[in-house]
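Below you'll find the structure, written out as structure tokens, and then a few comments.
The values are calculated or read from the model by the stated rules, or taken from the named source; none is laboratory data. All values reported here derive from a predicted model rather than from experimental measurement. Ideal geometry is used to build each Cβ from the backbone, glycine not excepted, and the neighbour counts take in all protein chains shown. In case anyone asks, the SASA skips ligands and DNA or RNA and just uses the protein heavy atoms, side chains included. Shrake-Rupley method; radii C 1.70, N 1.55, O 1.52, S 1.80 Å.
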Amino acid sequence: MSIEKEQVLQALEKHYHKAVALSLDLSDHPELPYEEYESSRKIAEILKEAGFQVTYPYAGYDTAFCGYLDNGQGPSAALLVEYDALPGIGHGCGHNLHGALSVLSGLGLMELKDSFKGKLYVIGTPAEEENGAKIGMAEQGIFDGMSLAAMMHSTAGGLSVPDMDELSLRCYVVDFHGKTAHAVGAPWEGKSALAAGRKFLDLIDARRECFTPDVHVNSVILDGGKAPNIIPDFCQIRMEFRTDSMKKLEVMDEAIRKCANAAAMALDCTVTLTPGLSDFFDMVRTVPLENTVAQLLEKYGEKVGPIEAPSGSSDVGNVSYRCPAIQPLIAVTEETMALHTTEFRNACRTEAAHQAMLSGAAVLTELFLKIYNEPEFCEKVKESWEAALSRKKG
């Protein structure tokens, strides 16, 4: 069934002021990852009032929820909602705005339920800024078999982007254990865990000239000893490494372990590597989705920029390994500014940002209607995603 632009906007405008109020309320009352009790409760109540069947808490997370609309036989698709904030600066990443954007799109689709058949999920996903809940949800199989999972992310600079590419990420806490000794009186009796830790970092640096451009390794020493006159028997390093595919991440994992074991052996120490986070997967990009989103962004008055090379990681990547997924960027301000700043937090509270939220919700709403109502498009998306996933795993 064909839906006109005016119909989409009319459906969304019924709930626009509610979405603005939600965004400002979340901004006024920021909650940290896994502590979003009031934020999640408020959104769950909005969905329930709109007619969604709401499960809250959800998927083993106290601050997750799932709004469900069973609208007959057809594709299943999920809108993803973020609402956690950052320490100190609150919603400096714009989750209040683009979380409300997903909610607004869900409310619009509920208004348009006579125009499509299928299953609609509006899923609250806590703690994106930490150990993102989308990772655990993906592992549970929540997105398996879905035709689409999508959200938008706030950005600055005046250009909206059809998709956000991402890098895979693995984090380790690396502990070296040695033997303490007086650094002057009897250093020969010691086994320096700090020296082993430093040599570990040196070995990684020695490999950097052979890294492909997508590989990034970053580390900090959390514990290197307590006093300079004592040979340290313990050294702790936290490290993250990123690549453009999970397959390549495993190759890097082997290299990291070789460097750690070699450093420990050379300094007569022992070493253990403990995961510091769950793995964040890279993004499986689906070209038909990206092309369609680019067209829809232009349709709703957005200036569209190119998809840039990945420079970070997101738990949406984990979802993209389970079903076709997309995370466009919606520009909330013409000004160029960094995310995770008070300036960006304030930019997400403006009338311009609220209008961008409306445009973004319209784009997602039309994209979902296209998935529900155009079997050929839905199949094209599935085939493209399967091919891209095969190349990633290849």
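In nanometres, what is the gap between the two model label sites at Leu24 and Asp268, each 7 Å from Cα along Cα-to-Cβ?
With each label placed 7 Å out from Cα toward Cβ, I get 6.9 nm.
Can you give the helix-only mean residue ellipticity at 222 nm for the chain, where every DSSP H stretch with n ≥ 4 adds -39500 (n - 2.57) and the sum goes over all residues, rounded to the nearest 500 deg cm²/dmol? All intermediate terms of the calculation are to be shown ahead of the outcome.
On the way: 12 runs with 162 residues, N = 394.
After summing the helix terms and dividing by the residues of the chain, the value is -13000 deg cm²/dmol.
Per the 1.4 Å probe, what fraction of the accessible area of the range 246-394, in percent, lies on carbon and sulfur atoms? Mind dumping the intermediate values first?
Values: 3370 of 6610 Å².
That share works out to 51 percent.
May I ask you to list the lysines whose Cα is less than 22 Å away from that of Lys247, ignoring any residue fewer than eight positions away on the same chain?
The qualifying lysines are Lys134, Lys258, Lys382, Lys392, Lys393.
Can you give me the Cα centroid spacing of the range 115-139 and the range 345-394 in angstrom?
14
Among the aspartates and glutamates, which fall within straight-line cross-link reach of Lys299, defined as a Cα-Cα distance under 15 Å, with same-chain neighbours fewer than 8 residues apart omitted?
Glu4, Glu6, Glu290, Glu366
Can you pull the Rg over Rh of the range 104-205, Cα-only, Kirkwood?
On the way: Rg = 25.2 Å, Rh = 19.7 Å.
Rounded to two decimals, Rg over Rh is 1.28.
Among residues other than Ile142 whose Cβ falls under 13 Å from its Cβ, what is the net charge (Lys/Arg +1, Asp/Glu -1)? Could you put the intermediate results ahead of the total?
On the way: positive: Lys119, Lys134, Arg322; negative: Glu139, Asp144, Asp315.
Here the count lands on 0.
Cα extents of the range 292-380 along the three principal axes, largest first, in whole Å?
Reported extents, whole Å, longest axis first: 43, 28, 20.
Quick check: residue separation of Lys113 and Glu13 times 0.36 nm, minus the Cα distance between them. What number comes out in nm? Kindly include the intermediate steps, with their values, before the conclusion.
Details: separation 100, 0.36 × 100 = 36.00 nm, distance 1.58 nm.
Length gained between Lys113 and Glu13: 34.4 nm.
Using all Cα-Cα distances in the range 10-75, what percent lands in each 5 angstrom bin from 0 up to the longest?
Per 5 Å bin, starting at zero, the Cα-Cα P(r) for the range 10-75 comes out as 4, 16, 21, 22, 20, 11, 5, 1, 0 percent.
Taking the Cβ of Asp62 as the center, what net charge do the other residues with Cβ under 11 Å away carry, scoring Lys and Arg +1 and Asp and Glu -1? Walk me through the numbers on the way to the answer.
Working: positive: Arg41; negative: Glu35, Glu36.
Every neighbour counted, the sum reads -1.
Once the cut-off is 33 Å, how many percent of the Cα-Cα pairs in the chain end up in the long-distance tail? List each step's numbers first, then the result.
On the way: 28223 of 77421 pairs.
Value for the chain: 36 percent of Cα pairs lie more than 33 Å apart.
List the relative contact order of the chain as a percent without decimals, with contacts defined as Cα pairs under 8 Å and 6+ residues apart.
Numbers: 901 pairs, mean separation 89.5, N = 394.
Reported as a whole number, the value is 23 percent.
Take the Cα radius of gyration of the range 235-394 and divide it by 2.2 N^0.38 Å, with N its residue count; two decimals is plenty.
Numbers: Rg = 20.6 Å, N = 160, 2.2 N^0.38 = 15.1 Å.
Normalised by 2.2 N^0.38 Å, the Cα Rg of the range 235-394 equals 1.36.
Give me D for the range 41-97 in µm² s⁻¹, whole number, from Stokes-Einstein with Rh from the Kirkwood sum over alpha-carbon pairs, 4 °C and 1.567 mPa s.
On the way: Rh = 13.0 Å.
My calculation gives 99 µm²/s for D.
Please give the FRET efficiency for Trp188 paired with Glu250, using the beta carbon to beta carbon distance and R0 = 45 Å, rounded to the nearest 0.05. Numbers along the way, then the final one.
Numbers: r = 40 Å, r/R0 = 0.89.
In this case the efficiency is close to 0.65.
For the pairs Lys14/Lys380; Lys5/Lys117; Lys117/Lys303, flag any whose C-alpha to C-alpha distance is greater than 26 Å.
Lys14/Lys380; Lys117/Lys303
Met246: net charge of surrounding residues, Cβ under 9 Å, Lys/Arg +1, Asp/Glu -1, itself excluded?
On the way: positive: Lys247, Lys248, Lys392, Lys393; negative: Glu250, Asp279, Asp282.
Summing Lys/Arg as +1 and Asp/Glu as -1 gives +1.
Suppose we take every Cα in the range 35-183 and form the convex hull; what volume per residue is that in Å³? It would help to have the intermediate numbers written out before the result.
Numbers: hull volume 28.2 nm³, N = 149.
Output value, Cα hull per residue: 189 Å³.
Toward the positive end of the charge dipole of the chain, about the Cα centre and with charges on Cβ (Lys, Arg +1; Asp, Glu -1), which of Phe241, Tyr68, Pro310 goes farthest?
About the Cα centre, the residue reaching furthest to the positive side is Phe241.
May I ask you to list, by number, the DSSP H helices of the chain whose Cα span along the axis is at least 15 Å and whose average Kyte-Doolittle hydropathy reaches -0.5 or more?
Values: long enough: 16-28 (18 Å, 0.17); 37-50 (20 Å, -0.66); 95-111 (24 Å, 0.63); 193-207 (22 Å, 0.37); 246-266 (30 Å, 0.06); 287-299 (18 Å, 0.11); 351-373 (33 Å, 0.58); 375-393 (27 Å, -1.12).
Sorted by number, the helices that extend far enough and score high enough are 16-28, 95-111, 193-207, 246-266, 287-299, 351-373.
If packing is taken as the mean number of other Cβ atoms within 10 Å per residue, what is the order of 285-291, 78-84, 209-215, 163-169, highest first? Display every interim value, and only then the final one.
Working: 285-291: 19.4, 78-84: 28.4, 209-215: 11.4, 163-169: 23.6.
By packing density, highest mean first, the sequence is 78-84, 163-169, 285-291, 209-215.
Among the lysines, which have Cα under 18 Å from the Cα of Lys191 when same-chain residues fewer than 8 positions away are ignored?
In chain and number order, the partners are Lys179, Lys199, Lys226.
In whole angstrom, note down how far apart the Cα centers of the range 1-36 and the range 305-335 are.
20
Filter the GluC sites (Glu not before Pro) in the range 1-72 to those in DSSP coil with at most 13 other Cβ atoms within 10 Å of their Cβ, and list the result.
Working: sites: Glu4, Glu6, Glu13, Glu31, Glu35, Glu36, Glu38, Glu45, Glu49; in loops: Glu4, Glu31, Glu35, Glu36.
Sites meeting the loop and neighbour criteria: Glu4.
Taking N as the number of residues in the range 1-112, what value does Rg over Cα atoms divided by 2.2 N^0.38 Å take? Please report the intermediate quantities before stating the final value.
Working: Rg = 14.5 Å, N = 112, 2.2 N^0.38 = 13.2 Å.
Dividing the Cα Rg of the range 1-112 by 2.2 N^0.38 Å gives 1.09.
Of the peptides 129-137, 294-302, how do they stack up when ordered by the mean number of other Cβ atoms within 10 Å, highest first?
Working: 129-137: 22.6, 294-302: 18.3.
Sorting 129-137, 294-302 by mean packing, highest first, produces 129-137, 294-302.
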